[in-house]
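Notes to accompany the following structure.
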Amino acid sequence: MNDTPARKPMRCAHDGAKLNHHATLIRDPLNREEADSVDPVADGVLIEVHACPKCGRGQPRPTGTIS
Ligand SMILES: [Zn+2]
């Protein structure tokens, strides 16, 4: 089974380098839209943190939103 949608790699807004998935964090939802995507096990919104290998900048992205 391999029906997981491929996720587009994120690009650094600064230099366009492909970001590495660095970590996944949990935080409280900031709005109603995020509240709907709260992970019931983690009791918070799961945020992927992507880091740029070139300049070291980090860029967060909520998981669960594939758009
Ligand atoms: Zn960068």
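Each reported figure results from applying straightforward, stated rules to the coordinates on display, with no laboratory input. Predicted model only: the values in this text are computed from it and were never measured. Counting neighbours? That spans all protein chains shown, and the Cβs are built from the backbone with ideal geometry, glycine included.
Results, tabulated for the structure shown:
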quantity: Filtered residue count, the range 53-67, keeping only those that are loosely packed, with under 10 Cβ neighbours inside 10 Å and not polar (S, T, N, Q); calculated: 2
quantity: Inter-residue pairs, beta-carbon under 6 Å, first assigned to a loop (DSSP other than H, G, I, E, B) and in the range 13-40, second aliphatic (A, V, I, L, M), 6+ apart; calculated: Leu19/Met10; Pro29/Ala35; Pro29/Val38; Pro29/Val45; Val38/Val45
quantity: The range 41-52, subset in a loop (DSSP other than H, G, I, E, B) and surrounded by 12 or more Cβ atoms within 10 Å (Cβ to Cβ), residue farthest from the ligand (Cβ to nearest atom); calculated: Ala42
